[in-house]
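*Asks:* The structure is given below, and queries will be raised subsequently.
The values are calculated or read from the model by the stated rules, or taken from the named source; none is laboratory data. These numbers come from a predicted model, not from an experiment. Cβ sites come from the backbone with ideal geometry, for glycine too, and all protein chains shown count toward neighbours.
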2 protein chains.
Amino acid sequence: MLVTLDGNLRKPLYMQIRDQIRGRILSGGLKSGDRLEPSRELAHQLGVHRTTVGNAYADLESEGLIQGTVGRGTFVTPLAETMRAPRKAPGRPTQDIFWESFFPKEARDDSLGRLMASSAEEGVISFAAAHGSEELTSPDLIRRAADAVLRREGGRLVQYGSTAGYHPLKAYLQIRLRRDGIPVELDEILVTHGCQQSLDLLRRALVSPGDSVVCENPTYTGLWNVFESPSVRLLGVPVTPEGMDLDALESLLEQNRVKLIFSSPSFQNPTGFTMPLAVRQRLLEIARRFQIPIVEDDVYGALRCRGRQIPPLKALDPAGLVIYLNSFSKVGFPGLRVGWIVASRPVIERLQWAKQRADLHTNVLGQAVVQELGARGLLDKWIRKTCRVYAHKQDVLRCALARHFPPEVRVFYPEGGMSVWVELPAFMDAEELLVKARERRMTFAPARYFYFQNPRHNALRLCYTALPDEKIEKGAAILGDLLRAEMRRARKGRPGALAGASVALV
Amino acid sequence: MLVTLDGNLRKPLYMQIRDQIRGRILSGGLKSGDRLEPSRELAHQLGVHRTTVGNAYADLESEGLIQGTVGRGTFVTPLAETMRAPRKAPGRPTQDIFWESFFPKEARDDSLGRLMASSAEEGVISFAAAHGSEELTSPDLIRRAADAVLRREGGRLVQYGSTAGYHPLKAYLQIRLRRDGIPVELDEILVTHGCQQSLDLLRRALVSPGDSVVCENPTYTGLWNVFESPSVRLLGVPVTPEGMDLDALESLLEQNRVKLIFSSPSFQNPTGFTMPLAVRQRLLEIARRFQIPIVEDDVYGALRCRGRQIPPLKALDPAGLVIYLNSFSKVGFPGLRVGWIVASRPVIERLQWAKQRADLHTNVLGQAVVQELGARGLLDKWIRKTCRVYAHKQDVLRCALARHFPPEVRVFYPEGGMSVWVELPAFMDAEELLVKARERRMTFAPARYFYFQNPRHNALRLCYTALPDEKIEKGAAILGDLLRAEMRRARKGRPGALAGASVALV
């Protein structure tokens, strides 16, 4: 192998070896399957220590360019071929840095991200994203609120703010929380850039390498994006139409040392299922017995359109076991990025320290605008209107699905939130269906994307809140068409396929 | 020891043992220095496996309540005493959760945080924080910009935005960057919630456990707050009046496998030192030779009030080795939390994925407001005015210090930025001085707070940009008083103390 070392170069020898071999692989001088000289021999030829060659090989292996097989030797991988001749922007100079080797290895499945991107294309009827209705947004309301706070507060809103949050917003949240049965002091609230950040801060402040956390499975993908790492174990608990399966939870807790339990008891994402009061009480009893804090995600809680309000876990928890997360994103202002965490003081102190390291504090103008809307009573009015509109949209969807869906398909209609959960006959695969739906410019989210283990293939989530009525109707018709075609095909070609059609979710 | 187990309780036995022992320690039944029964004996008494008792003891030890010493046994720690009787808010129910045991162990020195809090008190003349001048803020400007964008963009500004950033802002940044000699494509920019978040995203996207990163020492504390962890090694390079000491850097790189080099070449925080062009070129040459990316923090770069602009490292780097960070926080709008990263596409892709997990995207209203100010030319006007005002304030400070400081104190005046760097005679300790200054309602930041290793005690940072002229004058007089008193004391009591008075910084 042609490697030449220059002792006068102020560059470590192992780097010289590594870079020359990498260069030969990427230029095609060494091809997939070619065998490298054993490190001992190369070291001997070059007159260096064997460790020096070993370090060079280790780097190349971690870059994926070579691979060692015990007893056989070290070979150039097929991956190396695909890395050759990286795309270059025309006219830009060559990058002399090999970025792939700098990135930590991560497994990532971005199916959901790709779905969201394709759903945002012009002309696509998207039931994919849990977005609010743009019809509802009243730009004038926001504009007047921004104007009022900037007149009143002046330049303070663009200066550094408090890590804990903008004081007037915290005071407003306190009133709101008390109204919801959550008595809270100001220093038990931390304002964040939304619930995704709240989850991230919890991981930093409470979770150490080696810890296990319990999540509902399926759940919000942003939750496991935060916790998924080689050093944290995610334990899944199935979700029933009455929320988290508590018998499964108890067994898990008996067999594992668990740090945190994540639950979204109201209009759970993606199922839309809601935990009844008695189940909430039992969950709290279990958490108390095992002394494990519960993280309650209540972002959809305010979007109840029918039935009676059920108190959040936090309202049933005088002992301070629950860490409560909420935001203004689902009720109408995701672009402002304002969320909050309610927890016992020691927890908030830790989270505040994490927030300081994450981004110093939450943007003040956004906080002030929401507070202004809240203090004027406009936020409650807005939420009431939103619930009315979303209830209407769900009715439109229900009528459309009743007309278009074959009877073998089961739809769960929650009393609020932004989506319905659809269970298909067992032989169907929602991802295959999505491929066909896309061809007809319609999208939805297959259930699989929300499972971090044991994925279910024959279910899907339909978000209807962002769509105008006529598109709900049209989208339902397209999906109904595809489902009926699938059923016909099944009846003809696969006579046994229908046997599992009415399998329940649990 | 009194431990009773209940096999019918659905709570693991080790937890029952742990909780009962913890209860006895916290109630005072077991006192500091008391010896616990050896796990083997307790297990025998209770009829459980030794591992069960071992798990209970391990938890208590990680909580800091007990400690084992080989050959002697396991004892209740003195720490247990201080944990007894936790503060309770009056009228609030007892917390039945022992939070301390949930928190990952962290060493944290929050001297700087405490300093900032005490500096914000009414009537304190604070040279501590690198904050801008509130006199400068023109609330009407912001209000008109907010009004214009909300009229134009409407509800879109409160809806979900793009993870990469608000497109019109990115287009504006592109023009700005090109003007600064940084040719950049739109997909080489990521908008963040400020530079603190940019640093945090870099850690997530590029740094793995076991990696080493090089930082200037002293440096911005937020930088090592992000990277300080048991799994990442921070290597410090001294800062000279010409920036990072490159000989020291080269030796470090020869002896260590380094992942990233952090540098703030313009008006470095806390020293205010700026790297001349030739030094920048040598730094780039070194980074290229070792193939190590440089993270350039340019937040103070735009605040040059005198002398000639020096191109940022990124403008001297056609190969894409530099990851460039900037924000609008130091030029005037920290409350909006808008920063950005410029880097090669593969890096931006990774960072975007990290951003998605951190908080989905940057608040859109803040991005739109800054873009609007920029597009109307108001941002440049604002920055020019800011530089004029800060130049004036530095002059005021310089005159005041010339009058009040004893000649043994050396002050470095940078050609921009927000602070000056003060070197005291070697026998002085800036933290001791701060105690006295605080008594006179004046504060500054001792150098020690900015060192993550080998702290220097006889230096301090004075930030003058947030203060009105008369307070600069008054604060300088107070500090001058204290310094002269120290000098007098030294001349009388410690005749040898003055020997090291003119030691240079390097």
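*Asks:* Is it the case that A:LEU321 is of a type in the set (A, V, I, L, M) and either surrounded by fewer than 17 Cβ atoms within 10 Å (Cβ to Cβ) or within 30 Å of A:PRO139 (Cα to Cα) (or both)?
*Replies:* Details: of a type in the set (A, V, I, L, M): yes; either surrounded by fewer than 17 Cβ atoms within 10 Å (Cβ to Cβ) or within 30 Å of A:PRO139 (Cα to Cα) (or both): no.
Spelling it out, it is not the case that A:LEU321 is of a type in the set (A, V, I, L, M) and either surrounded by fewer than 17 Cβ atoms within 10 Å (Cβ to Cβ) or within 30 Å of A:PRO139 (Cα to Cα) (or both).
*Asks:* Condition check: more than 9 Å from every other protein chain (Cβ to nearest Cβ), crowded, with 22+ Cβ neighbours inside 10 Å and in contact with a strand residue (DSSP E or B) (Cβ under 7 Å, 6 or more places away or on another chain). Does B:VAL232 satisfy that?
*Replies:* Values: more than 9 Å from every other protein chain (Cβ to nearest Cβ): yes; crowded, with 22+ Cβ neighbours inside 10 Å: no; in contact with a strand residue (DSSP E or B) (Cβ under 7 Å, 6 or more places away or on another chain): yes.
No, not satisfied.
*Asks:* Here's a follow-up. A:ARG282 fails exactly one of the following numbered conditions: (1) basic (Lys, Arg); (2) modelled with pLDDT under 95; (3) in contact with a helix residue (DSSP H, G or I) (Cβ under 7 Å, 6 or more places away or on another chain). What is the number of that condition?
*Replies:* Here A:ARG282 clears every test but (2).
*Asks:* Can you tell me which condition A:ILE182 does not meet? The list is (1) part of a loop (DSSP other than H, G, I, E, B); (2) facing chain B (nearest Cβ under 10 Å), and all the others hold.
*Replies:* Of (1) part of a loop (DSSP other than H, G, I, E, B); (2) facing chain B (nearest Cβ under 10 Å), only one is false for A:ILE182: (2).
*Asks:* Just name the residue that is surrounded by the most Cβ atoms within 10 Å (Cβ to Cβ) out of those in the range B:343-377 that are more than 13 Å from chain A (Cβ to nearest Cβ) and in a helix (DSSP H, G or I).
*Replies:* B:GLN371
*Asks:* Does A:GLN159 satisfy the condition of being within 12 Å of chain B (Cβ to nearest Cβ), polar (S, T, N, Q), buried (at least 19 other Cβ atoms within 10 Å of the Cβ) and more than 20 Å from the chain's Cα centre (by Cα)?
*Replies:* Judged against the criteria, A:GLN159 is a match.
*Asks:* May I ask you to list the residues in the range B:251-264 that are crowded, with 17+ Cβ neighbours inside 10 Å and of a type outside the set (S, T, N, Q)?
*Replies:* Passing the criteria: B:LEU252, B:LEU253, B:VAL258, B:LYS259, B:LEU260, B:ILE261, B:PHE262.
*Asks:* Could I ask something else about it? Restricted to the range B:441-491, and to residues that are in a strand (DSSP E or B) and among the small types (Gly, Ala, Ser), which residue is farthest from the chain's Cα centre (by Cα)?
*Replies:* The selected residue is B:ALA459.
*Asks:* Moving on. Within the range A:130-140, how many residues turn out to be touching a residue at least 12 places away in the same chain (Cβ under 8 Å), surrounded by fewer than 20 Cβ atoms within 10 Å (Cβ to Cβ) and not hydroxyl-bearing (Ser, Thr, Tyr)?
*Replies:* The number of residues fulfilling the criteria is 3.
*Asks:* Those residues that are in contact (Cβ under 8 Å) with a residue 24 or more places away in the chain, out of contact with any Ser or Thr (no Cβ under 9 Å at 6 or more places or on another chain) and away from chain B (no Cβ under 11 Å), I need them from the range A:185-196; list them, please.
*Replies:* Residue satisfying the conditions is A:ILE189 alone.
*Asks:* Within the range A:32-146, which helices (runs of 4 or more DSSP H) (wholly inside it) include 2 or more residues that are at pLDDT below 85?
*Replies:* So the answer is A:50-62, A:79-83, A:111-119.
*Asks:* Another question, if that's okay. So in the range A:204-222, with the set limited to residues that are in contact with a helix residue (DSSP H, G or I) (Cβ under 7 Å, 6 or more places away or on another chain) and at pLDDT 95 or above, which one is farthest from A:GLY417 (Cα to Cα)?
*Replies:* Within the range A:204-222, the match that is farthest from A:GLY417 (Cα to Cα) is A:VAL213.
*Asks:* Name the residues in the range B:271-292 that are among the aromatic types (Phe, Trp, Tyr) and more than 14 Å from every other protein chain (Cβ to nearest Cβ), would you? It would help to see each step written out before you state the result.
*Replies:* Residues of the range B:271-292 that are among the aromatic types (Phe, Trp, Tyr), as a first pass: B:273, B:290.
Result: B:PHE273, single match.
*Asks:* Further question on the same structure: Any idea which residue in the range B:1-18 is nearest to the other protein chains (Cβ to nearest Cβ), counting only those that are out of contact with any helix residue (DSSP H, G or I) (no Cβ under 6 Å at 6 or more places or on another chain) and in a helix (DSSP H, G or I)?
*Replies:* Looking at the filtered set, the residue picked out is B:MET15.
*Asks:* Would you confirm, using the coordinates I've provided, whether A:ALA315 is over 23 Å from A:MET418 (Cα atoms) and in contact with a Gly (Cβ under 8 Å, 6 or more places away or on another chain)?
*Replies:* yes
*Asks:* Conditions first: (1) more than 23 Å from B:LEU201 (Cβ to Cβ); (2) surrounded by fewer than 21 Cβ atoms within 10 Å (Cβ to Cβ). B:LEU303 passes all but one, so which condition is the exception?
*Replies:* Of everything listed in (1) more than 23 Å from B:LEU201 (Cβ to Cβ); (2) surrounded by fewer than 21 Cβ atoms within 10 Å (Cβ to Cβ), B:LEU303 misses just condition (2).
*Asks:* Within the range A:377-388, can one find any residue that is more than 23 Å from the chain's Cα centre (by Cα) and at positive phi?
*Replies:* Within the range A:377-388, one or more residues are more than 23 Å from the chain's Cα centre (by Cα) and at positive phi.
*Asks:* In the list A:SER212, A:SER138, which residue meets the criterion of being away from chain B (no Cβ under 12 Å), farther than 17 Å from A:TRP353 by Cα and among the hydroxyl-bearing types (Ser, Thr, Tyr)?
*Replies:* Answer to the selection: A:SER212.
*Asks:* Now for a different question. Using the structure shown, decide if A:LEU199 is in contact with a Gly (Cβ under 8 Å, 6 or more places away or on another chain) and touching a residue at least 12 places away in the same chain (Cβ under 8 Å).
*Replies:* yes
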